1. Among B:Leu10, B:Thr62, B:Val23, whose Cα sits farthest toward the positive end of the charge dipole of segment B:2-116 (+1 at Cβ of Lys/Arg, -1 at Cβ of Asp/Glu, about the Cα centre)?
2. Which distance in Å, rounded to a whole number, links the C-alpha centroids of segment A:68-105 and segment B:2-67?
3. Treating only the Cβ of Lys, Arg, Asp and Glu as charged (+1, +1, -1, -1), what charge dipole size does segment A:32-105 show about its Cα centre? Round to the nearest 20 debye.
4. Below 8 Å, C-alpha to C-alpha, sequence gap of six or more: please give me the relative contact order for chain B in percent.
5. For helix A:67-106, what angle does its Cα long axis make with the longest principal axis of chain A, in degrees from 0 to 90 and rounded to 10?
6. With the cut-off at 1.5 for a/c, could you classify chain B from its C-alpha gyration tensor as rounded, prolate or oblate?
7. Report the extension gain between B:Lys98 and B:Val20 in nm, rounded to one decimal, defined as 0.36 nm multiplied by the number of residues separating them, less their alpha carbon distance.
8. Given Cα pairs under 8 Å that are at least 6 residues apart, what percent is the relative contact order of chain A?
Amino acid sequence: MIADSQTLLQIVSRLALVLLVISMALAFFRLVRGPQAADRVVALDLISVLIVAFLAAYAVHAGDTSFLDVAIAYALVAFLGTVALARFLLRSGRAARAKRNQKGDEC
Amino acid sequence: MLSAIIAATLLIVGSLFCLVAAVGMLRLPDTLIRMHAATKAGTLGTGFILAAEAVAADDLGTTIRAVAVIVFLLLTAPVAAHLIGRAAYHRGVQLFEKTWIDELDHTMKNKQADPDSERPQS
């Protein structure tokens, strides 16, 4: 039995960090495999949420709460990135469909 | 010691939720179903881990910051998921073969498949 609370938190937060890294690797596998652009954007979104979780777990591990500020800033930037990618997807999808429709008219 | 045990439990539960989200990301059959895993399980797991940090630090400032991150995630995750899902659907993403109802498809056919036309004309 672990008597010291600090040791318990050290061990458990290290375990949590390992699990989060495994999760990120799985999400990264989906990012590489695709198969469509939308799948990659969803994988990137999950990875950014996992990075926020990783920062929080590392704040427990290091006993330094300033990593939470990093988590706040990263969450803001990641949300903007996801929105930008989604808008890009929507726009490029529209362009592709317009091209398809044009070709359909010519035929 | 009690707060350490609570924090440890929250850490384990949160990281397991994150792992489930990642496994779902890998195993589920199509983009929109995968978003279900990524958005809900991922946000819940991250919320648990942030709560663990708040409990472990046992400090008002840290708790407020952790709650701020949780609230921010809960506000932005649905917005981001909605935008991605909308973009993916309008790109004509391949749906799972066992999908048996697609109500948006019906709507889109009525509106001549133009995503702009669903906006109110003001």
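Taken together, the values in this text are just the output of simple stated rules run on the coordinates, not laboratory data. Here the structure is a predicted model, which means the values were calculated and not measured. Reconstructed Cβ throughout: ideal geometry from the backbone, glycine too, with neighbour counts over all protein chains shown.
1. B:Val23
2. 26
3. On the way: 9 positive and 5 negative charges, 164 e Å.
Dipole magnitude for segment A:32-105 comes out near 780 debye.
4. Numbers: 99 pairs, mean separation 30.5, N = 122.
Relative contact order for chain B comes out at 25 percent.
5. Relative to chain A, helix A:67-106 is tipped by roughly 20 degrees.
6. Details: a/c = 5.07, a/b = 2.07, b/c = 2.46.
Taking the square roots of the gyration eigenvalues as a ≥ b ≥ c, chain B is oblate.
7. Numbers: separation 78, 0.36 × 78 = 28.08 nm, distance 2.26 nm.
Residue separation times 0.36 nm, minus the Cα-Cα distance, leaves 25.8 nm.
8. Working: 63 pairs, mean separation 25.6, N = 107.
Relative CO of chain A lands at 24 percent.
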